[in-house]
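Here is the structure we will look at, set down as structure tokens.
Bear in mind that the values in this text are calculations on the coordinates, not laboratory data. As the structure is a prediction and not an experimental result, all values here were calculated from the model. Cβ placement follows ideal geometry from the backbone for every residue including glycine, while neighbour counts extend to all protein chains displayed.
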Amino acid sequence: MALVKMKRMELVGLNSERKRLIEYLQRCGIVDISDSREGVLESRETAQSISKFESNMSTVNSAISLLPNDKGGFFDKRPQISLDEYKLKNGETSEVMEIANNIISINKNIEKNKDEILGFEVEKSTLETYLNLDVRADINGTKFTKIKIGVLEGEWDSDRIWQKLNEHEIFAVHFEIVKSTKQQTVLWIIYLKTDEEKISRFSANINLISPKNMPKDEPKKRLQFIENEIARLENQNKELKQELLASEKYREQLKLFYDKLSVRKDKYVALKNVGITENAFFISGYVPYEKAERFKETLEKEFTVSVEFFEPSGEEDVPTEFKNNFFVEPVEGITSDYSMPSGHDIDPNPIMAVFYYFFFGMMFSDAGYGLLMMIVCGLLGYGNFIDKEKRRGYRMFFFCGISTTFWGIMYGSFFGDLIATLSKTFGNGTLALSPVLVDPVKKPLTVLIMSVAFGAIHILTAMAIKFYTTWKEGKKLDAIFDTGFWMIVILGIGVLATGVAFGIDIVSNVGKYMAIGGAVGLVLTQGRTSKNPIMKLLNGLLSLYDITSIVGDVLSYSRLMALGLATGVIASVINVLGSLGGKSVVGVISFIIISLFGHLLNFAINMLGAYVHTNRLQYVEFYQKFYEGGGRKYAPLKLKTKYNEFK
């Protein structure tokens with residue numbers, strides 16, 4: 001259980017075999033190719049080819065996403081195909097790209113028609129206001145008259161309008177109420193041009209506003225045209241969708257072609273780092289130590305090459321890779337998401353895994369939920385239901401489920417107090433699951449003390465790792481002064497608290513003197529870099545202020561108690577709500593419905609909470625005490641595909 005040791009590989013070969021050898025390295029999938037040009041050798045110009053591959057991949061992926069009836073799902077596994085099938089055939093690129101572009105074009109036409117239909121629908125809703133108008137709405141008047149269409153606020157009738165016209169001495173006029181509702185009245189009016197001034201005053205007086213988006217034709221004719229256009233576009237879209245449906249037969253071809261492009265793109269990315277001369281090429285990279293010699297034999301047997309392996313120097317950017325057993329391997333993603341180890345770090349996963357599973361279970365802490373996690377995640381993580389790439393996370397939650405079940409038994413929680421509630425509601429009330437260790441509802445202070453104690457152990461473990469790595473680097477005094485004394489202080493405080501809690505004076509005294517001794521050591525050593533004696537002492541005294549940060553970190557583990565308590569209490573409340581129906585048919589049905597919905601919701605919320613806060617404890621409280629990070633993940637050239645899995 002450690003980091004994989006790497007060897008640096010240097011390979012020289014003939015240009016005539018370069019393409020075949022790169023493809024062979026890609027199939028082997030064990031060489032992490034670094035920049036091999038060393039500032040002297042040239043490389044093949046591949047940027048344009050890479051850009052073309054990426055563009056084609058984007059087009060093909062878009063076409064795949066547009067195809068209907070995608071049967072892919074969570075349990076859909078990638079088909080396996082032979083290695084020979086990934087090679088591009090003559091003319092395949094132009095053929096498949098034509099198919100992809102045609103699918104995209106069909107979809108664009110469908111979307112364009114939808115936009116046009118939407119525009120017509122908007123215009124159609126506007127036209128409904130003017131359907132009673134039997135003349136063109138865009139006619140402004142004749143030689144001696146003018147026409148005005150306006151909107152009045154509220155509901156108006158003819159008498160009221162005539163009254164207003166008479167008030168403004170307008171008599172040579174004709175108007176029609178096109179539409180009148182409680183909200184507004186649409187008015188069409190024709191008048192003499194000589195009355196323009198009077199009409200302006202009249203319009204201002206009654207607040208007659210010119211409407212927007214007026215139809216340019218007779219409304220009924222325009223409406224008929226719109227309905228015909230909508231029908232035509234909808235029929236056209238039906239035909240286009242049938243054409244798109246017929247393109248479904250190309251789905252697998254497009255997926256395979258996408259993977260072919262992905263493989264070729266990765267090859268060209270690797271070629272960018274290969275040094276080239278007139279007749280030869282040079283590759284530098286990293287190979288796992290245990291595979292190096294056998295790999296060298298195979299290469300020199302298959303190709304005309306010279307292969308040498310070297311121990312990497314401390315200044316090289318050596319990639320890192322984890323190698324752990326079945327218990328630790330599932331949490332490697334937690335560490336890699338944070339940061340890969342640097343050259344000064346150890347593999348933290350074996351130690352972190354124990355705390356991760358332990359703390360997750362303590363926060364989720366329900367045997368029923370834990371068993372549910374174990375069954376579901378065990379099947380998905382270790383069964384053959386989903387692709388291998390998806391299984392690691394479920395294996396991690398399988399072990400989290402074991403820990404959750406354990407803590408559920410310790411706390412006496414099985415879907416909260418489900419057993420006791422069922423017994424009281426539908427039985428004689430004698431059955432109940434008793435806690436083996438402690439009931440967090442009745443004794444929350446005990447659980448809080450446990451949580452803080454486990455937090456102190458977690459932080460001390462991180463400090464011990466820091467002590468070990470610093471000592472291993474030859475900085476033995478730094479390990480003792482900067483980490484060792486702090487460990488003594490924390491241990492001393494812990495021993496002192498234990499002695500006080502149990503009334504054992506000798507234990508209290510031992511803890512007190514340990515804490516004092518560690519503190520004195522810090523005062524005498526933390527200012528050692530200063531030349532001024534007074535500053536040495538002052539810096540040493542100021543270093544003791546860091547105890548507040550450590551105490552804060554330890555107290556943050558109280559979340560172990562808080563989340564564990566929340567899971568059980570909410571589950572119990574759900575059980576109480578479910579039992580309100582009593583011992584009856586309706587009561588049984590309501591209990592089942594409320595329990596299923598409530599416990600599923602509680603499971604989802606508190607599982608997410610346990611996951612987030614367990615990660616936080618590792619990232620903030622644990623890793624920051626010793627973990628440097630910043631390493632580069634081992635990324636060998638290999639056949640990376642999205643839709644198919646190569647044998």
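Based on the Cβ-Cβ distance from LYS193 to LYS52, what FRET efficiency comes out when R0 is 56 Å, to the nearest 0.05?
With R0 = 56 Å, the Cβ-Cβ based efficiency is 0.25.
Give me the count of lysine pairs in segment 576-647 whose alpha carbons sit under 28 angstrom apart, restricted to pairs 8 or more positions apart or on different chains.
4
Calculate, in nm to one decimal, what VAL569 and SER125 gain on full extension: separation in residues at 0.36 nm each, minus their alpha carbon distance.
Taking 0.36 nm per residue and subtracting the Cα distance, the gain is 154.3 nm.
In which sequence would MET340, MET535, MET9 go, from the one with the fewest C-beta neighbours within 10 Å to the one with the most?
The fewest-first ordering by Cβ neighbours comes to MET535, MET340, MET9.
Net charge near THR567: determine it from the other residues with C-beta under 14 Å of the C-beta of THR567, scoring Lys and Arg +1 and Asp and Glu -1.
Residues near THR567 contribute -2 overall.
Measuring from centroid to centroid over Cα atoms, what is the spacing of segment 358-425 and segment 180-259 in Å?
Taking the Cα centre of segment 180-259 as reference, the centre of segment 358-425 is 58 Å away.
Under a Cβ-only charge scheme (Lys and Arg +1, Asp and Glu -1), can you give me the dipole magnitude of the chain about the Cα centre, in debye to the nearest 20?
Value, rounded to 20: 700 debye.
If one computes P(r) from the Cα atoms of the chain, what percent of pairs lie at distances over 49 Å?
Taking all Cα-Cα pairs of the chain, the fraction more than 49 Å apart is 49 percent.
Please work out the FRET efficiency for the pair VAL4 and LEU580, using the Cβ-Cβ distance as r and a Förster radius of 60 Å; give the result to the nearest 0.05.
0.55
Using only the Cα atoms of segment 185-340, build the gyration tensor, take square roots of its eigenvalues as a ≥ b ≥ c, and label the shape rounded, prolate or oblate: rounded if a/c is under 1.5, else prolate if a/b is larger than b/c, else oblate.
It comes out prolate by the Cα gyration axes.
What GluC sites (Glu not before Pro) in segment 55-110 are in a loop by DSSP, with at most 15 other Cβ atoms within 10 Å of the Cβ?
Of the GluC sites (Glu not before Pro), not one in the loops of segment 55-110 has a Cβ with at most 15 other Cβ atoms within 10 Å.
Rounded, prolate or oblate: which one fits segment 318-464, using the alpha carbon gyration tensor with axes a ≥ b ≥ c (rounded when a/c is under 1.5, else prolate when a/b beats b/c, else oblate)?
Note, shape of segment 318-464 comes out oblate.
Filter the chymotrypsin sites (Phe, Trp or Tyr not before Pro) in segment 67-109 down to the DSSP loop ones having no more than 10 other Cβ atoms within 10 Å, then list what survives.
Here the chymotrypsin sites (Phe, Trp or Tyr not before Pro) that fit, given the DSSP loop and packing criteria, are PHE74, PHE75.
Determine the gain in length on full extension of the stretch GLN624-LEU118; use 0.36 nm per residue of separation and subtract their C-alpha separation, reporting nm with one decimal.
Contour length minus Cα-Cα distance gives 176.5 nm.
Multiplying the sequence separation of ARG632 and GLU229 by 0.36 nm and subtracting their Cα-Cα distance, what value in nm do you get?
139.1 nm
Mean separation of Cα pairs under 8 Å and 6+ residues apart, divided by the residue count of segment 131-222: what relative contact order is that in percent?
44
Which trypsin sites (Lys or Arg not before Pro) in segment 385-472 pass both tests, a DSSP loop state and at most 13 other beta-carbon atoms within 10 Å?
Here the sparse-neighbourhood loop sites are LYS442.
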